[in-house]
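The values are calculated or read from the model by the stated rules, or taken from the named source; none is laboratory data. Just so we're clear, the structure is a prediction, and the values are computed from it rather than from any experiment. Note: ideal-geometry Cβ built from the backbone for every residue, glycine included; neighbour counts use all protein chains shown.
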Amino acid sequence: MAELLELPTFKGRPGWEFTDLSQLDLERYEPTAVQAALRTPAPAGASFDGRTLRISGTPAEPIELSTLVPDGALANQQLTVVIEEGAEAEVWERWTGNGVLNVTTEVEVGANARLRYIAVQELDEEAWILGAQKATVGRDGAFDWVALGFGSQSGHVLMETRLAGEGAEARVTGAYATHGRQHIDFDTTQEHAAPNTTSDLAFRGVLAGRSSAVWKGNIIVDPGAQKTDAFQESRNLLLSKRAHADAIPGLEIQANDVRCTHAAAVAQVDPEQLFYLRSRGLPESEAKRLVIEGFLAALVERFPEGHVRTTLADALERRLAVVLG
């Protein structure tokens, strides 16, 4: 059996300031290599060998992958998604199970290619997740990344987007809804390594019970990456007085002809909104749900009418039913 490396110490290593791994006893788990599985056969223009998904054409239907973490396993997964020059595709990945998921994902978007990648984390609420995901976007490529964080008791997910080619663009959308004592930690980076690149990141979270969430985001503009246009925001809605969220934006700009902005907010449900709805005859529970749905609607509306928008809205609605009890 391979030797297990020491876990990062809480507040002792940059990037791990907010997630305490002291309760994660890796000796309790059996190291196991797991692979994502195709839910349907690979369409024409795509190939998959369990570790690498390569797309050279334009499949008409989304490509769906699923990963099951066996009970009591330390599941190690490596996945590479490559979309070649001029290709266009949509990939859905879903994680389920109860154990520890240690996942590494690399995404390569070729020149003039377009990829929408949607990762749905629905692990058991006793599970852990440790993730390192990195995407590189080539010249005039477009990458649309969606991350849904619903399950697990705790963990840390690193999401890095590197705009490596001139004219590249990326949009990153994240949503999470937690309750009980769940803890969610997203660490995102938007690196602009070439001129005339664009990135737009938006994360929104709803937190109930004594749950907590962290979003730490950084926009990096490399020397020479002029005409960069970058935006990031994180907004959190707390449903109880014991819920807690941290939203920490950051900028590292090494070019002088750029536009980089950020926004962050953590707030309770607005009592005036509740009063307005209740004064029109709605019970408190329904009024509260409408306020929450309106808060999350801004994320759903980032997508045009169609199956992606509908599927995301349905997923959020199902999760809210769990969080609100």
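Restricting attention to the stretch 267-317, which residues are surrounded by 14 or more Cβ atoms within 10 Å (Cβ to Cβ) and under 19 Å from residue 92 (Cα atoms)?
299, 300, 302, 303, 308, 309, 311, 312, 313, 315, 316
Being assigned to a loop (DSSP other than H, G, I, E, B), in contact with a helix residue (DSSP H, G or I) (Cβ under 9 Å, 6 or more places away or on another chain) and not aromatic (Phe, Trp, Tyr) is the filter here; which residues of the stretch 140-179 pass it?
179
Given the condition closer than 30 Å to residue 61 by Cα, among the small types (Gly, Ala, Ser) and not in a helix (DSSP H, G or I), answer yes or no: does some residue in the stretch 294-316 qualify?
yes
For the stretch 282-294, indicate whether the set of residues that are touching a residue at least 40 places away in the same chain (Cβ under 8 Å), touching a Pro at 6+ places or on another chain (Cβ under 7 Å) and not acidic (Asp, Glu) is non-empty.
no
Is the stretch 169-184 home to any residue that is within 16 Å of residue 229 (Cβ to Cβ), of a type in the set (D, E, K, R), in contact with a Pro (Cβ under 7 Å, 6 or more places away or on another chain) and surrounded by fewer than 21 Cβ atoms within 10 Å (Cβ to Cβ)? Show your work before the answer.
Of all residues in the stretch 169-184, those within 16 Å of residue 229 (Cβ to Cβ) come to 169-172.
This time we only want the ones that are of a type in the set (D, E, K, R), so: 169, 171.
Among the residues that remain, those that are also in contact with a Pro (Cβ under 7 Å, 6 or more places away or on another chain) are: none.
No, there is no match, as no residue in the stretch 169-184 is within 16 Å of residue 229 (Cβ to Cβ), of a type in the set (D, E, K, R), in contact with a Pro (Cβ under 7 Å, 6 or more places away or on another chain) and surrounded by fewer than 21 Cβ atoms within 10 Å (Cβ to Cβ).
Quick one: would you say residue 121 is over 25 Å from residue 250 (Cα atoms), crowded, with 18+ Cβ neighbours inside 10 Å, within 12 Å of the chain's Cα centre (by Cα) and of a type in the set (S, T, N, Q)?
When the stated conditions are applied, residue 121 passes them.
Filtering the stretch 188-244 down to residues that are over 14 Å from residue 174 (Cβ atoms) and hydroxyl-bearing (Ser, Thr, Tyr), which residue is surrounded by the most Cβ atoms within 10 Å (Cβ to Cβ)?
197
Listed here are the residues, each with its yes/no results for (1) hydroxyl-bearing (Ser, Thr, Tyr); (2) within 23 Å of residue 148 (Cβ to Cβ); (3) over 20 Å from the mean Cα position of the chain (by Cα); (4) in a loop (DSSP other than H, G, I, E, B).
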site: 199; (1), (2), (3), (4): yes, yes, no, no
site: 203; (1), (2), (3), (4): no, yes, no, no
site: 209; (1), (2), (3), (4): no, yes, yes, yes
site: 214; (1), (2), (3), (4): no, yes, no, no
site: 218; (1), (2), (3), (4): no, yes, no, no
site: 231; (1), (2), (3), (4): no, yes, no, no
site: 242; (1), (2), (3), (4): no, no, yes, yes
site: 247; (1), (2), (3), (4): no, yes, no, no
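Restricting to the stretch 252-266, and then to whatever is outside any strand (DSSP E or B) and surrounded by fewer than 16 Cβ atoms within 10 Å (Cβ to Cβ), can you tell me which residue is modelled with the lowest pLDDT?
If we take residues in the stretch 252-266 being outside any strand (DSSP E or B) and surrounded by fewer than 16 Cβ atoms within 10 Å (Cβ to Cβ), then 256 is modelled with the lowest pLDDT.
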